[in-house]
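To keep things clear, I will list the structure first and then write my remarks on it.
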Amino acid sequence: MTVLEFIRQHPAQAVDVISSKGYDHLTPMRAMALARDRPQDVELLDWQICHSSFSGGVWHVLAAAPALEQGPELTLAMA
């Protein structure tokens, strides 16, 4: 599940996103706006949720960057 999908499943709730890029607190209004408008410059929305928990009225999620698509296998040739 991506951060965007998580926000859409938990509308109008605050979400704390922790990732390798840092920490981002999404207020309920900002989370709803991101889910609705989906700005292109917020790459965090495509990150995968690794873990989530709910406490104190806030969702806390750990997010990881999506795996890079692998191209064809590279082989090394000995000269």
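The values are calculated or read from the model by the stated rules, or taken from the named source; none is laboratory data. All figures in this text were calculated on a predicted structure; none of them were measured in a lab. Here the Cβ positions follow ideal geometry from the backbone for every residue, glycine too, while neighbour counts run over all protein chains shown. In case anyone asks, the SASA skips ligands and DNA or RNA and just uses the protein heavy atoms, side chains included. Shrake-Rupley method; radii C 1.70, N 1.55, O 1.52, S 1.80 Å.
Details
- A simple rule links phi to the HN-Hα coupling: the Karplus curve 6.51 cos²θ - 1.76 cosθ + 1.60 with θ = phi - 60°, which for region 13-18 gives 10, 6, 9, 9, 10, 10 Hz, with x for Gly and Pro.
- The amide H of residue 14, built 1.01 Å from its N in the peptide plane, has 59 as neighbours under 5 Å, considering only residues 5 or more places off or on other chains.
- Carbon plus sulfur fraction of accessible area for region 1-47, probe 1.4 Å, in percent: 56
- Accessible area expressed per residue, region 1-54, with surrounding protein chains retained (probe 1.4 Å, Å²): 62
- When only the Cβ of Lys, Arg, Asp and Glu is charged (+1, +1, -1, -1), the dipole of region 1-66 relative to its Cα centre reaches about 140 debye.
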